[in-house]
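Novice: Below you'll find the structure I mean.
The values are calculated or read from the model by the stated rules, or taken from the named source; none is laboratory data. Note that the coordinates shown come from a computational prediction; the quantities given were computed from them, not determined experimentally. Cβ: placed from backbone, ideal geometry, glycine included. Neighbour counts: every protein chain shown.
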Amino acid sequence: MTVQWIGRGARNPFATRFIRPGMIPPLDAEGHPVSVAALAARVPHGGFMALVGPHGSGKSNLLAALAAHLAQDAVVMQSRVRRARDVPGLLARIARLPVAAIACIDGWERLGALGRVAVRVVARCRGCDLVVTAHRPCGPVLARCMTTPSLLARVVAMLGPDDAVIGHDDVTAAYARHAGNVREALLDLYDLFEQRIRGSAAGVRT
């Protein structure tokens, strides 16, 4: 009798290193590619633009792709805000930027009202652009990020899990379970993939 550990050491395509911002090409709500170059062309000098959408709709991913594109022709600073206490450090970084640089800030609302005012004032004084992510409009909107089951299905197809492990019904259920939050749905699929791989690894073939 031969024991075979099915799936042992299998790569989980939903691991953070594969789904973190910047790893997946930005897609629109229906799963079609977004023209990052077209968005970059709309970023005004010395202006403010926002990527707007609900939690898990791809704002951070789109911002990462946009920042990478803008960095081809300009100095770009990227910052992810976690709490209002990040404001002093963020202001210091913006104050050191050269004129016409671009500050890409993920998590605009977390700065708090006073923090947002301070960042805009310092950026204006430096002649820097601001491109931010937000859950609701807070100025000129560069793009609105939305999700559909088709978007999640396309992302999953790009990640390439074995259909025998994660199927279409699993993807649809994960989308519904997390009310369209693609980030949480992908984390859910990570857990499901692990459960099924562990289950198959416990099987015995003769």
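Novice: Would you call ARG85 surrounded by 11 or more Cβ atoms within 10 Å (Cβ to Cβ), free of Cβ contacts under 8 Å to residues at least 12 places away in the same chain, under 19 Å from TYR190 (Cβ atoms) and among the charged types (D, E, K, R)?
Specialist: For ARG85, the condition - surrounded by 11 or more Cβ atoms within 10 Å (Cβ to Cβ), free of Cβ contacts under 8 Å to residues at least 12 places away in the same chain, under 19 Å from TYR190 (Cβ atoms) and among the charged types (D, E, K, R) - is not met.
Novice: When you scan segment 128-163, how many residues do you find that are in contact with a Phe, Trp or Tyr (Cβ under 7 Å, 6 or more places away or on another chain), surrounded by 14 or more Cβ atoms within 10 Å (Cβ to Cβ) and over 23 Å from LEU186 (Cα atoms)?
Specialist: The qualifying residues number 4.
Novice: From ARG80, ARG96, ARG42, which residue is surrounded by fewer than 18 Cβ atoms within 10 Å (Cβ to Cβ), charged (D, E, K, R) and either within 17 Å of the chain's Cα centre (by Cα) or not assigned by TED's automatic domain parsing to the domain that holds THR133 (or both)?
Specialist: Just one listed residue meets the conditions, ARG80.
Novice: Further question on the same structure: So, VAL131, is that one in the same structural domain as GLY46 (by TED's automatic domain parsing), under 21 Å from the mean Cα position of the chain (by Cα) and at pLDDT 95 or above or not?
Specialist: Considered against the rule, which asks whether it is in the same structural domain as GLY46 (by TED's automatic domain parsing), under 21 Å from the mean Cα position of the chain (by Cα) and at pLDDT 95 or above, VAL131 comes out as yes.
Novice: A follow-up question, please. Take MET49 and decide whether it is surrounded by fewer than 18 Cβ atoms within 10 Å (Cβ to Cβ), at pLDDT 95 or above and assigned to a strand (DSSP E or B).
Specialist: No.
Novice: Could you tell me whether any residue of segment 23-30 is touching a Leu at 6+ places or on another chain (Cβ under 8 Å), over 20 Å from ARG144 (Cα atoms) and not in a loop (DSSP other than H, G, I, E, B)?
Specialist: No, the conditions are met nowhere in segment 23-30.
Novice: Mind checking whether some residue in segment 134-141 is modelled with pLDDT under 95, assigned by TED's automatic domain parsing to the domain that holds LYS59 and on the phi > 0 side of the Ramachandran plot?
Specialist: The answer is yes, given that some residue of segment 134-141 is modelled with pLDDT under 95, assigned by TED's automatic domain parsing to the domain that holds LYS59 and on the phi > 0 side of the Ramachandran plot.
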